[in-house]
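S.K.: The structure that follows is given in the form of structure tokens.
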Amino acid sequence: MNRTSVAEKWVDGTAGMTRPSNVVWCDGSKAEYERLIEEMLRDGTLLPVNTHTYPGCYLHRSHPSDVARTEQLTFICTREKDDAGPTNNWMAPAEAKAKAGEYFKGAMRGRTMYVIPYLMGPAGSTMSRTGIMVTDSAYVVASMHIMARVGDVAIKAMRRDDDFIAGVHSLGDLSPDRRLILHFPEEKLIWSVGSGYGGNALLGKKCHALRLGSWQARQEGWLAEHMLIIGVEDPQGEVTYLAAAMPSASGKTNLAMAVSSLPGWRVWTVGDDIAWIHVDATGQLRAINPERGFFGVAPNTSPRTNPNATAMVKSNTIFTNVALTPSGEPWWEGLTPEPPAGLVDWQGQPWKPGTPAAHPNSRFTVLAQQCPSIAPNWEEPQGVPISAFIFGSRRSKVIPLVFEAFDWGHGVFLGSAMSTETTAAITGQVGVVRRDPMAMLPFCGYNMADYFGHWLAIGSRASKAPRIFRVNWFRRGDDGKFLWPGYGDNVRVLKWIVERIRGGGRAQETPIGWIPAPDGLDTDGLALSRAQIAEALKVDRGEWRQALGELGDFYGQFGARLPQPIAATLAETQRKLRA
Ligand code: SAT
Ligand code: MN
């Protein structure tokens, strides 16, 4: 491998701080992956599962206090506090380095430091970007093999000697009191210590592809988004590409792999979590999936909710914090209607009914190519052309099943106005409503007011700006039950979206956007009354007036930095709702 001198020097310096007993440069080969697996099976980091029914699969049990992203320990460390903005935790770079430096000092003593050159995005794409991370966790190396393109492919893609995001990761002592996830966008640097959990430790994913990625994207004029990418094929075989932003653990992977309940319609998976989107020379927006695999939530993944994912994790998958059946098969809540007898829970104890068997944020890590619905062109260097963006969140009230923005600016406003009910993907309380603009609240590496402005600017560079839609699969009726069946039936909503893009799709105008007309959605074969569908699509003016009041408070914290068109669209919507 032809390592650059800048990289060598940086690795030496990092070893000087962390003091590993040896340093290993990773080549990303199959042999290397297998060596790591062997080593982890020997030291207990991985446990075997039933190799007859789950060939090539393993189980990792994490430390019980290290099971999700820890946002309160995640910081953007810019020189100016205002550049991180009011929605990010901020720490001055020098203070952050002094603090974490204490935890890193000698942290790798007696351990191996792995150096992982990685490429985010397909080989040969001008949209792809490179990173080099070091870690003392073999689990992180094996996971990075699955989630990114590792080795020579990355070194070759570097455009200059210093063309990489540098990431330092150590498990430290796994204590939440000595855990920090630090981002230095001005130095293209990430420091993460004290956690082995995916979003905290696989630095290519949230830390690079979203937090530093979004910073880089703003500088270079593109978008780094928390979005799935799909191709929706109609019965004539025409494919329309969409990108959808949704908060963690809110059905993004399920939608990315949906099996259509409508005959003739089909969903092709390009990505399930992150999209990098550029405006091409003709003004068309094109997206790549920077990742190579899926790090998906296991609970509630089943042959009914996501048959493709259920099939794809039957081999060559690393499971984290799921339960085991007596025959050594992975199990999680929702996989089968009833829990099998004799389960061992995610911590290795006999399962007690009434407690979670699998951790609610237990995960599978698997190569994208294992997915039965993976799009044949998912790794094409030029990406796929995006015809529409979808913003989706988890709200039991207020937000209709689907509606369409009036135009790009209005759509950016709708994205900025998003809020959602929290899930187990972050530590803290589950089910509380919080703001989550474009599902990027935890992932935007700079001031979100500037981020809204950047979105507005991208629209004006597009020759034909993609349409923007808002969806909510999670609205409930007065009886507390979901109003919409979801999963494969969400393709009915995608069908309406595709029709709208093509100039059809019956719709009616409301103060918040275009809602499907009573007969606009294809509900053929669904056991839903017209009244139920109307309830799912209803715009409740009272609820909206209140919600927009709260939105005004949220915007207030950005002060003069909030783009004027966003404030104007809020005022305009409030005026319409009063009329
Ligand atoms: O937990 S991760 O950040 O890796 C995945 C997610 O929450 O979207
Ligand atoms: Mn995510």
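S.K.: Restricting attention to the stretch 164-210, which residues are within 16 Å of ligand 2 (Cβ to nearest atom) and assigned to a strand (DSSP E or B)?
M.R.: Ile181, the sole residue that qualifies.
S.K.: When the residues of the stretch 273-296 are filtered to those that are within 16 Å of ligand 1 (Cβ to nearest atom) and open to solvent by 10 Å² or more (accessible area, probe 1.4 Å), which remaining residue is nearest to Ser315 (Cα to Cα)?
M.R.: Phe295
S.K.: Based on this model, can you work out whether Ala527 counts as free of Cβ contacts under 8 Å to residues at least 40 places away in the same chain, part of a helix (DSSP H, G or I) and over 30 Å from the mean Cα position of the chain (by Cα)? Can you show your working first?
M.R.: Values: free of Cβ contacts under 8 Å to residues at least 40 places away in the same chain: yes; part of a helix (DSSP H, G or I): no; over 30 Å from the mean Cα position of the chain (by Cα): yes.
In short, no.
S.K.: Another question, then. Exactly one of (1) assigned to a loop (DSSP other than H, G, I, E, B); (2) touching a residue at least 40 places away in the same chain (Cβ under 8 Å); (3) away from ligand 1 (no atom under 12 Å from the Cβ) is unmet by Pro235. Its number?
M.R.: Of everything listed in (1) assigned to a loop (DSSP other than H, G, I, E, B); (2) touching a residue at least 40 places away in the same chain (Cβ under 8 Å); (3) away from ligand 1 (no atom under 12 Å from the Cβ), Pro235 misses just condition (2).
S.K.: For the list (1) open to solvent by 50 Å² or more (accessible area, probe 1.4 Å); (2) among the aliphatic types (A, V, I, L, M); (3) within 18 Å of Gly477 (Cβ to Cβ), I need the number of the one condition that Leu526 fails.
M.R.: Evaluating Leu526 over (1) open to solvent by 50 Å² or more (accessible area, probe 1.4 Å); (2) among the aliphatic types (A, V, I, L, M); (3) within 18 Å of Gly477 (Cβ to Cβ) leaves (1) as the failure.
S.K.: Pro340 - would you say it is more than 16 Å from ligand 1 (Cβ to nearest atom) and either open to solvent by less than 50 Å² (accessible area, probe 1.4 Å) or farther than 27 Å from Ile497 by Cα (or both)?
M.R.: yes
S.K.: In the stretch 390-416, which residue that is open to solvent by 10 Å² or more (accessible area, probe 1.4 Å) and either aromatic (Phe, Trp, Tyr) or outside the structural domain of Leu242 (by TED's automatic domain parsing) (or both) is nearest to Asn472 (Cα to Cα)?
M.R.: Out of the qualifying residues, it is Phe406.
S.K.: A further question follows. Somewhere in the stretch 500-523, is a residue within 16 Å of ligand 1 (Cβ to nearest atom) and in contact (Cβ under 8 Å) with a residue 24 or more places away in the chain? Steps first, please.
M.R.: Of the stretch 500-523, the ones within 16 Å of ligand 1 (Cβ to nearest atom) are none.
No; the residues of the stretch 500-523 include none that is within 16 Å of ligand 1 (Cβ to nearest atom) and in contact (Cβ under 8 Å) with a residue 24 or more places away in the chain.
S.K.: Please find, within the stretch 9-42, the residue that is surrounded by the most Cβ atoms within 10 Å (Cβ to Cβ) out of those that are of a type in the set (Asp, Glu) and under 31 Å from the mean Cα position of the chain (by Cα).
M.R.: Looking at the filtered set, the residue picked out is Glu32.
S.K.: Given Met127, Met133, which one is on the phi < 0 side of the Ramachandran plot and open to solvent by 10 Å² or more (accessible area, probe 1.4 Å)?
M.R.: Criteria check complete, one pass: Met127.
S.K.: Still on this model: Kindly list, by first and then second residue, each pair from a residue in the stretch 204-232 that is farther than 14 Å from Gly445 by Cα to a residue that is within 12 Å of ligand 2 (Cβ to nearest atom) and in a helix (DSSP H, G or I), limited to pairs with Cβ atoms under 6 Å and residues at least 6 apart or on different chains.
M.R.: Pairs that qualify, where the first residue is farther than 14 Å from Gly445 by Cα and the partner is within 12 Å of ligand 2 (Cβ to nearest atom) and in a helix (DSSP H, G or I), are Leu228/Lys252; Leu228/Ala256; Ile230/Ala256.
S.K.: Can you tell me which residue in the stretch 191-228 is nearest to ligand 1 (Cβ to nearest atom), limited to those that are more than 25 Å from Gly13 (Cβ to Cβ) and open to solvent by 10 Å² or more (accessible area, probe 1.4 Å)?
M.R.: Only one residue fits best here, namely Tyr197.
S.K.: Could you list, in sequence order, all residues of the stretch 241-272 that are open to solvent by 10 Å² or more (accessible area, probe 1.4 Å), among the small types (Gly, Ala, Ser) and within 16 Å of ligand 1 (Cβ to nearest atom)?
M.R.: Correct list: Ser248, Ala249, Gly251.
S.K.: Could you pull out the residue among Thr420, Thr427 that is within 16 Å of ligand 1 (Cβ to nearest atom), within 21 Å of Ser250 (Cβ to Cβ) and surrounded by 20 or more Cβ atoms within 10 Å (Cβ to Cβ)?
M.R.: One residue alone meets the criteria, Thr420.
S.K.: Still on this structure: For a quick check of your reading of the model, give me the residue pairs whose first member lies in the stretch 58-72 and is under 18 Å from Ser143 (Cβ atoms), whose second is of a type in the set (A, V, I, L, M, F, W, C) and within 12 Å of ligand 1 (Cβ to nearest atom), with beta-carbon atoms closer than 7 Å and at least 6 apart or on different chains.
M.R.: Within 7 Å, the pairs are Ala68/Ala424; Ala68/Ala425; Ala68/Ile426; Arg69/Ala425; Arg69/Ile426.
S.K.: Follow-up question, since we're still on this one. Have a look at Val384, Val366 and point out the one that is surrounded by 21 or more Cβ atoms within 10 Å (Cβ to Cβ), modelled with pLDDT of 95 or more and out of contact with any Lys or Arg (no Cβ under 8 Å at 6 or more places or on another chain).
M.R.: Val366
S.K.: Across the stretch 289-332, what is the total count of residues that are of a type in the set (A, V, I, L, M, F, W, C) and on the phi > 0 side of the Ramachandran plot?
M.R.: Step one: filter the stretch 289-332 for residues of a type in the set (A, V, I, L, M, F, W, C), giving 294-295, 297-298, 309, 311-313, 318-319, 322-324, 331-332.
After this cut, where a residue has to be on the phi > 0 side of the Ramachandran plot as well, the list is none.
Counting residues in the stretch 289-332 that are of a type in the set (A, V, I, L, M, F, W, C) and on the phi > 0 side of the Ramachandran plot gives 0.
S.K.: Here is a list: Gly106, Gly85, Gly110. Which entry is in contact (Cβ under 8 Å) with a residue 12 or more places away in the chain, among the small types (Gly, Ala, Ser) and either surrounded by 21 or more Cβ atoms within 10 Å (Cβ to Cβ) or not assigned by TED's automatic domain parsing to the domain that holds Gly28 (or both)?
M.R.: Exactly one of Gly106, Gly85, Gly110 is in contact (Cβ under 8 Å) with a residue 12 or more places away in the chain, among the small types (Gly, Ala, Ser) and either surrounded by 21 or more Cβ atoms within 10 Å (Cβ to Cβ) or not assigned by TED's automatic domain parsing to the domain that holds Gly28 (or both), namely Gly85.
S.K.: Given the criteria at pLDDT below 95, within 16 Å of ligand 1 (Cβ to nearest atom) and either under 15 Å from Glu225 (Cα atoms) or surrounded by fewer than 22 Cβ atoms within 10 Å (Cβ to Cβ) (or both), does Ala439 qualify?
M.R.: No.
S.K.: If a residue has to be more than 16 Å from ligand 2 (Cβ to nearest atom), open to solvent by 10 Å² or more (accessible area, probe 1.4 Å), on the phi < 0 side of the Ramachandran plot and part of a loop (DSSP other than H, G, I, E, B) to count, how many in the stretch 344-363 make the cut? Before you say what the answer is, go through the steps one by one.
M.R.: Residues of the stretch 344-363 that are more than 16 Å from ligand 2 (Cβ to nearest atom), as a first pass: 344-359.
This time we only want the ones that are open to solvent by 10 Å² or more (accessible area, probe 1.4 Å), so: 344-356, 359.
With on the phi < 0 side of the Ramachandran plot added as a condition, the list becomes 344-347, 349-353, 355-356, 359.
The next check asks that each one be part of a loop (DSSP other than H, G, I, E, B); those that pass are 345-347, 349, 351-353, 355-356, 359.
Going through the stretch 344-363 one residue at a time, the tally reaches 10.
S.K.: Let me ask something additional. When you go through Ser302, Ser327 one by one, which is the residue that is in a loop (DSSP other than H, G, I, E, B) and open to solvent by less than 20 Å² (accessible area, probe 1.4 Å)?
M.R.: None of the others qualify; the one that does is Ser302.
The values are calculated or read from the model by the stated rules, or taken from the named source; none is laboratory data. Keep in mind the model is a prediction, meaning the values are calculated, not measured. Neighbour counts run over all protein chains shown; Cβ positions are idealised from the backbone, glycine included. We work out accessible area using only protein heavy atoms, side chains counted, and drop any ligands, DNA or RNA first. Shrake-Rupley method; radii C 1.70, N 1.55, O 1.52, S 1.80 Å.
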